[in-house]
Amino acid sequence: KSDGMWYIFDISDLARPEPIVHMDWSPPYPCPSHTTLPVPWDIMGRRILVVSDEEVGDRLAPTPNAFLWIVDITEETNPIPISTYRARPEDQPFDPDCWYGCHQSQEQLYDNRLAVTWFGGGLRMIDISNPWQPEELGYYLPEPGQGYQVAQSNDVFATPEGLYYLVDRLGGFEILEWVGA
């Protein structure tokens, strides 16, 4: 069984969706894919898909934490991973006491800036204007929920006005505003 998979479907007939392509990169990568987010405009002349893998604990350590993939889907039958993003410098091999890695990206896109939850790594703001070299613009690390040692940032919702609603799976909810460039 593999959990690292995702599909692109032809939905021209919603009653009969047809798979166009199936991607599965686990193994060798240990974490399952969680969110696939097609960017609704071209970036640098390419159609781009952002794939968030999800940090999971049911694997042998040491392995890398879950991370973010940037995939060129200009030709839907031949998706090509063109870059990855890992939160650094804090990112270390998997630690079952922290669960540091990636979880989910915002699903509302307004520009090439993307907020991604990173469990113990908080909320990461990533610029994908150059899909071959995603760049971190900043991050926010919330306080751990009451009675916990680490934060576990789980989900994020973005508004067109630049507000980000951040949910922690261990008891937190915060509203952030992007004031960067």
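The values are calculated or read from the model by the stated rules, or taken from the named source; none is laboratory data. The model shown is predicted, which means the values in this text are computed figures rather than measured ones. When we count neighbours, we look across all protein chains shown, and the Cβ atoms used for this are built from the backbone with ideal geometry, even at glycine. For accessibility, only protein heavy atoms count, side chains too; no ligands or nucleic acids. Shrake-Rupley method; radii C 1.70, N 1.55, O 1.52, S 1.80 Å.
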Item to complete: State in Å² the accessible area per residue of the range 19-177; use a 1.4 Å probe, count heavy atoms of protein chains only, and round to the nearest integer.
Response: 48 Å²
Item to complete: Using only alpha carbon pairs under 8 Å that are at least six residues apart, calculate the relative contact order of the range 5-177 and give it in whole percent.
Response: 14 percent
Worksheet item: Gap in Å between the Cα centre of the range 32-62 and the Cα centre of the range 108-173?
Response: 14 Å
Worksheet item: In the neighborhood of His103, defined by Cβ-to-Cβ distances under 13 Å, what is the net charge if each Lys or Arg adds +1 and each Asp or Glu adds -1?
Response: -4
Fill in: Computed lengthening from Ser12 to Asp58, 0.36 nm per intervening residue step minus Cα-Cα distance
12.8 nm
Worksheet item: Of the listed peptides 161-174, 66-79, what is their order by residue-averaged count of other C-beta atoms within 10 Å, with the highest listed first?
Response: 66-79, 161-174
Discussion item. Using a Gaussian network model on the chain with a 10 Å cutoff between Cα atoms, which of Met125, Met23, Met44 fluctuates the most?
Written reply: Met44
